[in-house]
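Asks: The structure is given below, and queries will be raised subsequently.
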Amino acid sequence: MDKFTDQKYLVTEQYRDARNLEARLKFHQRFSTSRQPWFEWVFDHLLMLPEKALVLEIGCGTGELWMRNRERIPPGWELCLGDLSYGMIQVAKQNLRFLTNQVTFQVLDVQLLKYANATFDAVIANHVLYHAPNVPRAILEIARVLKPGGTLFAATNGISHLQELYEIIRNNPILEQILQSEEQRIHPPDSFTLENGAELLAAQFGWVTKHLFPDRLEVAEVEPLQKYILSLAPASARQVTPALNQEIQKYLDSVLAQAGGRLTIRKSPGMFIARKQNNHSITF
């Protein structure tokens with residue numbers, strides 16, 4: 001496989017269905033210390049959009065953003081929700097039945113959006129762009145489908161995100177072998193981060209701002225930590241034997257004990273808001 005095909009395959013395998021994503025969402029929701037839930041914080045920024053807007057979400061997953069804010073969705077918004085995973089789309093359709101005629105769904109690739117130029121008032125890419133094998137190409141496509149004056153909401157993480165968690169993985173030969181550095185392959189450190197995102201977006205957007213979401217994890221239980229870590233594994237390693245599971249549990253028990261029964265894991269999420277200038281021309 002070349003780099004682009006390999007990257008797309010890895011992401012497709014990780015998110016073939018909702019199980020891995022849901023395991024990670026539950027872990028963050030359970031142990032995050034922020035007073036405001038992530039999806040509520042994201043939606044707060046979306047309210048800058050007009051009462052009538054055509055909105056595209058790329059990488060909608062299970063539709064969590066809209067489920068968590070169902071009472072806040074303006075009736076004048078028309079939603080187009082897409083994901084690379086057909087399985088995710090099917091789950092999102094079930095979860096968002098309450099939106100009736102306000103939403104459509106489509107399997108899509110952020111690097112090749114099947115929409116006409118200047119279609120949308122807003123595009124949402126919530127922890128999506130770091131998955132793209134060619135980030136500049138993905139940003140170019142987003143800018144192309146946005147109307148002049150349209151807005152991109154692009155959430156991502158900083159390079160220190162979950163650093164303690166990855167140290168736990170790297171310090172154990174069993175976990176390192178099972179995961180095969182999978183997270184680093186799916187989220188390459190030179191992709192789209194809080195550190196380089198503004199520069200990448202500036203190539204296509206005339207106005208870019210960065211907004212940080214202060215948060216951390218305080219983990220006091222081994223079982224959900226173990227489930228989260230194993231959700232990162234490639235499909236070929238997902239069926240861990242009972243003996244290996246027991247060894248992993250013993251290791252994580254010792255990690256938690258050394259941390260005094262409460263493990264602190266730093267997070268560094270945030271979001272860029274970028275606006276397409278009225279006179280901005282998209283070049284290929």
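The values are calculated or read from the model by the stated rules, or taken from the named source; none is laboratory data. Predicted model only: the values in this text are computed from it and were never measured. Here Cβ is always computed from backbone atoms with ideal geometry, including for glycine, and neighbour counts include all displayed protein chains. All accessible areas refer to the heavy atoms of the entire protein, side chains included, with ligands and DNA or RNA removed. Shrake-Rupley method; radii C 1.70, N 1.55, O 1.52, S 1.80 Å.
Asks: Keeping the other protein chains in place, figure out the carbon and sulfur percent of the accessible area of segment 100-217, with a 1.4 Å probe.
Replies: The value for segment 100-217 is 52 percent carbon and sulfur by accessible area.
Asks: Just the number please: accessible area per residue for the chain, 1.4 Å probe, all protein chains included, in Å².
Replies: Per residue, the chain has an accessible area of 48 Å².
Asks: Additional query: Separation between the Q163 and L140 pseudo-spin-labels, each 7 Å from Cα along Cα→Cβ, expressed in nm?
Replies: 3.4 nm
Asks: How far is it, in nm, from the label point at M67 to the one at K52 when both lie 7 Å from their Cα along the line to the Cβ?
Replies: Label-label distance for M67 and K52, simple model: 3.2 nm.
Asks: While we're looking at this one, here's another question. How much length is gained on full extension from F98 to A259, taking 0.36 nm per residue of separation minus their Cα-Cα distance?
Replies: Gain in length upon complete extension: 53.5 nm.
Asks: In addition: For a Förster distance of 22 Å, can you work out the FRET efficiency between the beta-carbons of L244 and E176, rounded to the nearest 0.05?
Replies: 0.95
Asks: What is the total of Lys pairs in the chain with C-alpha atoms under 19 Å apart, excluding same-chain pairs fewer than 8 positions apart?
Replies: Counting lysine pairs in the chain gives 11.
Asks: Which FRET efficiency, nearest 0.05, do L25 and E218 yield, Cβ-Cβ r, R0 22 Å?
Replies: Once the sixth-power term is evaluated, E becomes 0.80.
Asks: In the Gaussian network model of the chain, springs joining C-alpha atoms below 10 Å, which of E195, E57, E141 carries the largest mean-square fluctuation?
Replies: Most flexible of the set in this elastic network: E195.
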